[in-house]
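Working notes for the structure below.
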């Protein structure tokens, strides 16, 4: 590589959810961007999508100045915006993240992009069977980072010739960590106030659900089954807090379900405000169990955040959730095996498994977790302590940041960009019979 290129900052064009949005994609994008910028070796041009913008003018931050320029876009942008930014901003690497269904338009102009700069894809895929229909997408990248073991196996099987590497998500341990007992008690009282204690002056157990209110998340199903759980243990024994938008157009009307089931005495409460990481961490510490029973989940960031704060989890053994609740020997909560694996699909995704849980199994898991918590069982404490250690070991935040810096520097050195671009051919020899 020529000498002048070694001394300049590496310019990375990112496409994802807005890096300051609370979504899992937005959060992980922010982590990657910050880790690169902290080295002083990178500049970031961010196409920030997936939210409604009030202003579409380019934005900068006080912290990063000219090293981070954010371009608000609808969706994830379009071909013309990509062409314009690549020509005008001259990035050295294109980095993009989330489900491939959102990027078919981007891969359609791969032959225009890759002769100039390498394409790096941070990939999520929820489940088997192997999506052979994604092969053309996978083959259109120079490098694929995979967020789960399921995704990693899928990419390596479907497109073995593409360089891919398992880089799971992480949580910032500056925020997501266990508080001491006095801080936890204070947080519980402040958040749940008069609803925390029942008429017998017993503290209620608090179950937490932090997800988008969308169909695959099974939000309404959880409320329905939680009511049946309360029918067994007592309606004044536990609370379900749902950190979500109860009237999200992509999900069910959760408020209507709560009214229908008569859960209007504080059994189900909603948290709708967008929370900064430190406030969200207080919530994880204040609750007693975090639940995710989604029928498809590429990773499931909320449960990892919960484990980092010492709060055990109940999860469906699907996608990335199954590698969070156990390390293969030890458990950090309750993992529920799906009772059915239906093949569903659409025009964009012809087939994929949808992992559904059995109602009785979910209610039994809620009851088991409740009894362990109520009885102050050592197993509950063990899950809490070992969950923290597991996150620090496998999903270490410092290692995550270091790894992404190494990956991006390595891609720049190996593949180059513009006049130094190497390792890519826009043509191939094909034998004609």
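The values are calculated or read from the model by the stated rules, or taken from the named source; none is laboratory data. Everything numeric here is computed off the predicted structure, so don't read it as measured data. Neighbour counts run over all protein chains shown; Cβ positions are idealised from the backbone, glycine included.
Every test in (1) modelled with pLDDT under 90; (2) in contact with a strand residue (DSSP E or B) (Cβ under 8 Å, 6 or more places away or on another chain); (3) assigned to a loop (DSSP other than H, G, I, E, B) is passed by residue 1 save one, and that test is (2). For segment 322-332, the condition of being within 18 Å of the chain's Cα centre (by Cα) and under 23 Å from residue 225 (Cα atoms) holds for at least one residue. Residues in segment 191-211 that are free of Cβ contacts under 8 Å to residues at least 40 places away in the same chain and part of a helix (DSSP H, G or I) were compared, and the one that is surrounded by the most Cβ atoms within 10 Å (Cβ to Cβ) is 193.
Taking residue 155, is it under 25 Å from residue 299 (Cα atoms), in contact (Cβ under 8 Å) with a residue 40 or more places away in the chain and under 23 Å from the mean Cα position of the chain (by Cα)? In short, no. Within segment 217-234, identify whether any single residue is more than 19 Å from residue 338 (Cβ to Cβ), within 23 Å of the chain's Cα centre (by Cα), assigned to a strand (DSSP E or B) and in the same structural domain as residue 343 (by TED's automatic domain parsing), and answer yes or no. No: segment 217-234 contains no residue that is more than 19 Å from residue 338 (Cβ to Cβ), within 23 Å of the chain's Cα centre (by Cα), assigned to a strand (DSSP E or B) and in the same structural domain as residue 343 (by TED's automatic domain parsing). Taking segment 313-426 as the region of interest, the strands (runs of 3 or more DSSP E) fully inside it that hold 2 or more residues being outside the structural domain of residue 127 (by TED's automatic domain parsing), in contact (Cβ under 8 Å) with a residue 12 or more places away in the chain and touching a helix residue (DSSP H, G or I) at 6+ places or on another chain (Cβ under 7 Å) are 313-316, 333-336.
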